[in-house]
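Inspection log for the structure reproduced underneath, given as structure tokens.
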Amino acid sequence: QAYEERIFSPRNLKRAATLTRKYEHNEEFNRKISLIQADITKLKIDAIVNAANETLLGGGGVDGAIHRAAGPELRHECWELNGCDTGDAKITKGYDLPSKHVIHTVGPVGEKQQLLRNAYERSMQVMCENNLKSVAFSNISTGVYGYPRGKAGHVALDTIRKWLEKSSDYLDKLDRIIFCVFEDENKDVYETLLPIYFPPP
Ligand code: AR6
């Protein structure tokens, strides 16, 4: 597990120098943010965030992978949740996954910024309500739902940065927020954007 992979690779730092800073450097925030490229179903963590659909009954992409790895009990629990609105999030146990929980969120179909923000924001709320200290996000809406990857990266990072700014009461409890990218294109997006939202000193 590459939890320790830091966000400031040499390549990253070089890019950071050329980018406009949107936010101030904050060492505590930076220590809690990670980028990893992995199959999210392999992560041993408090919660992984699934890019689900409104039925919560499974599908393709990362949703399919999570349901396959978690086993049929996950579908049973999801069934009882009666679906989930776009921009909302609901939590289940992780069953056969190494992750203890799954936070199922539903991103928008297409580029609807506020709904994507809501999905990240609500996932963090659900994490807090359940007293969890670590969470890994998949790249909500950037697959089948067709949100442009670069723009989705901006929304994800900005939403999490803003959440950190206003959640000082939870920071001591929070251990880590991981952005889990799967394919190279999203890895490039996050490597480029992380220094804007979480700038080095
Ligand atoms: N681990 C981490 N990320 C993954 C994995 C994995 N195993 N597999 C795919 N991704 P998508 P959406 C990435 O399409 O766009 C489903 O059918 C993938 O590369 O899974 O929100 C649901 O049921 C992409 O960057 O989710 C919904 O109907 C990201 O996960 C619909 O798709 C999200 O792609 C949701 O579409």
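Laboratory data are not the source of any read-out in this text; all were calculated from the coordinates shown. From a predicted model like this one, the values you see are computed outputs, not experimental measurements. Quick reminder, even Gly has a Cβ in these numbers, built from the backbone with ideal geometry, and neighbours come from all protein chains shown.
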Long-range amide H contacts for ALA136: which residues qualify at under 5 Å (H placed 1.01 Å from N, peptide plane, sequence gap of 5 or more or a different chain)? ALA47, ILE48, VAL49, ILE178
Tilt, helix 184-197 to longest principal axis of the chain (alpha-carbon atoms), in degrees rounded to tens, equals 50
CD proxy, 222 nm, the chain: helix-only mean residue ellipticity via -39,500 (n - 2.57) per DSSP H run with n ≥ 4, per residue, nearest 500, stands at -12500 deg cm²/dmol
Taking alpha-carbon centroids only, the range 67-128 lies from the range 179-196 a number of Å equal to 21
Taking the Cα centre as origin and putting +1 on Lys and Arg beta-carbons and -1 on Asp and Glu beta-carbons, what dipole magnitude results for the range 112-201, to the nearest 20 debye? 260
Charges on Cβ only, +1 for Lys and Arg, -1 for Asp and Glu, centred on the Cα centroid of the range 55-159; of ALA136, ALA119, ASN82, which one is farthest towards the dipole's positive end? ALA136
For ILE91, list long-range residues whose amide hydrogen, built 1.01 Å from N in the peptide plane, is under 5 Å from its own amide hydrogen. HIS104
So which residue, out of LYS187, LYS90, LYS112, gets the largest mean-square fluctuation from a GNM of the chain using Cα contacts under 10 Å as springs? LYS112
In order through the range 132-138: 3J(HN,Hα) via Karplus (6.51 cos²θ - 1.76 cosθ + 1.60), integer Hz, x for Gly, Pro: 8, 10, 9, 8, 10, 9, 7
With Cα coordinates, the longest principal axis of the chain makes an angle with the long axis of helix 61-70, in degrees rounded to 10, of 60
For SER123, SER141, ascending order of other Cβ atoms within 10 Å (fewest first) is SER123, SER141
For a quick check: sort GLU183, GLU129 by the number of other beta carbons within 10 angstrom, fewest at the front. GLU129, GLU183
With charges only on Cβ, +1 for K and R and -1 for D and E, what is the dipole size of the chain about its Cα centre, in debye, rounded to 20? 480
Using modelled amide H (1.01 Å from N, peptide plane; none on Pro or chain starts), what sits under 5 Å from the amide H of ILE33, excluding residues fewer than 5 places away? ILE177
With springs connecting C-alpha atoms under 10 Å apart, model the chain as a Gaussian network and identify which of ALA156, ALA70, ALA51 has the largest mean-square fluctuation. ALA70
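Based only on other Cβ atoms within 10 Å, what is the fewest-to-most ordering of THR55, THR41?
Numbers: THR55 14, THR41 22.
So the ranking, lowest neighbour count to highest, is THR55, THR41.
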Once both labels are modelled 7 Å past Cα along the beta-carbon direction, what's the ASP175-LYS187 spacing in nm? 2.5
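Taking the Cα centre of the range 145-195 as origin and charging only Cβ (+1 Lys, Arg; -1 Asp, Glu), how large is the dipole, in debye to the nearest 20? The partial results should precede the final answer.
On the way: 8 positive and 10 negative charges, 41 e Å.
Dipole of the range 145-195, to the nearest 20 debye: 200 debye.
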Rounded to the nearest 10 degrees, what's the angle between the helix 113-129 long axis and the longest principal axis of the chain, both from Cα atoms, 0 to 90? 80
